[in-house]
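To start, the structure itself, in structure tokens.
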């Protein structure tokens, strides 16, 4: 029986619920079966171990595979996010968390109160890698901060209003001593100008953030007049702390605002230019106010006043306002037609003759309006000089003494720089030296105007006239280069130096003359 049956063989131990129990079962092993098993064992023992081949390490370029987002999952997340933002509280939270106006961005994105206290209390502390014990020591020396109390919030709001007002004063260049502005950041944002694309917060029934364009600037009340792009919103007056520029905005170091005030200079008597009301344009003939003669409606002589102002001056201001209103309507129609033309072009559809005729009519009307606007605006400027001669305004037809002095100084600088050691000029071309001298004149004008303080429209015009003279003197192939590299930068500087608000569009004097 022992030859027929081998000893009891243990079954393998399985891991699982019955891992602790071992089952022993008898296994019948015959001679034939035993011979097969021995043969298998001999074959397994005679096999040599497989040698692992040494594989050379070939450096391979590691490519990062970005997993493609699941479209359904993305749509689901986007739908949930949209539903979240529909909630009024969630929408306001997003505004408070991420929307910072141009005037508030340097205040909130700078150093926090703890960093400011560290700089003031420990000026010699250069490192920020301290141990827990050292940080605790510093906090005990600084005292326990007061948070989330009504007095704390009131104090923070008051401090924020004061800083905003200081930034506005610096933007308007009404401060000569900057010693009281040490609590402001080092970079001060420049004020926004007309035509800037912005995102503004609109309150009321349409509470939220909307995109638009600045149409007017009110420095007295620190507001912007914004025309929104969405249909039905219209135009609203928005505070400057709720308006954010869509493009990166320029800043200026706070040290650059500490300039000396400019005294009034060169008071001159302007020439009396008479505007003939008989020269009426076909656009204003049909208007009941612009087409009729004002002398038939207002009694009294030209020397009489109304409300402390000359009657003729009030008439010119009224005409100016009316022309601007008509011009604004024409520009609006032109913008709509441009949009329609772009749509037709994208659909590869032809532009009809009637559309071209209406477009050309609006362009010609705008040209005539610019001529009328230039005449009336010139008359208003002359009256402004007569009403306030102490401001030192100069006649717009006379070249300013500032420009003349800058031209003389620029000529001298170019002459000295262009002379070599041998006495021969480095640049032989007279046209190039003249262009360099004119560009140097612009730099000197900007320097003098910045040091002088507030700008008026006549000084603004002198700077613009210098640009126009250079543009007219250069070759037509270089005009695009001049506009991209010189004119656009001077326009940014003008917007930063000017305090005139809406008048800077007229001070540029881009209207056509007769």
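Numbers at a glance
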read-out	value
Qualifying positions in the stretch 368-383 - farther than 17 Å from residue 326 by Cβ and over 33 Å from the mean Cα position of the chain (by Cα)	379, 382, 383
Failed criterion for residue 220 (all others in (1) in a loop (DSSP other than H, G, I, E, B); (2) surrounded by 14 or more Cβ atoms within 10 Å (Cβ to Cβ) hold)	(2)
Residue 163 vs. criteria in the same structural domain as residue 220 (by the TED database) and in a helix (DSSP H, G or I)	yes
Some residue of the stretch 224-238 being out of contact with any strand residue (DSSP E or B) (no Cβ under 8 Å at 6 or more places or on another chain) and on the phi > 0 side of the Ramachandran plot	yes
Selected residue (only one of 233, 192, 209 is assigned to a strand (DSSP E or B), at pLDDT 90 or above and outside the structural domain of residue 336 (by the TED database))	209
Matching entry among 462, 466, 396 (being modelled with pLDDT under 70 and buried (at least 16 other Cβ atoms within 10 Å of the Cβ))	396
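The rows are residues; the columns are (1) surrounded by 13 or more Cβ atoms within 10 Å (Cβ to Cβ); (2) in the same structural domain as residue 316 (by the TED database); (3) modelled with pLDDT of 90 or more; (4) part of a helix (DSSP H, G or I).
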{"position": "374", "(1), (2), (3), (4)": "yes, yes, no, yes"}
{"position": "379", "(1), (2), (3), (4)": "yes, yes, no, yes"}
{"position": "423", "(1), (2), (3), (4)": "no, no, no, no"}
{"position": "439", "(1), (2), (3), (4)": "yes, no, yes, yes"}
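Here is a yes/no grid of residues against (1) out of contact with any helix residue (DSSP H, G or I) (no Cβ under 6 Å at 6 or more places or on another chain); (2) under 24 Å from residue 242 (Cβ atoms); (3) not in a helix (DSSP H, G or I):
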site: 106; (1), (2), (3): yes, yes, no
site: 114; (1), (2), (3): yes, no, no
site: 141; (1), (2), (3): yes, no, no
site: 148; (1), (2), (3): yes, no, yes
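The values are calculated or read from the model by the stated rules, or taken from the named source; none is laboratory data. Everything numeric here is computed off the predicted structure, so don't read it as measured data. Backbone-built Cβ (ideal geometry, glycine too); neighbour counts: all protein chains shown.
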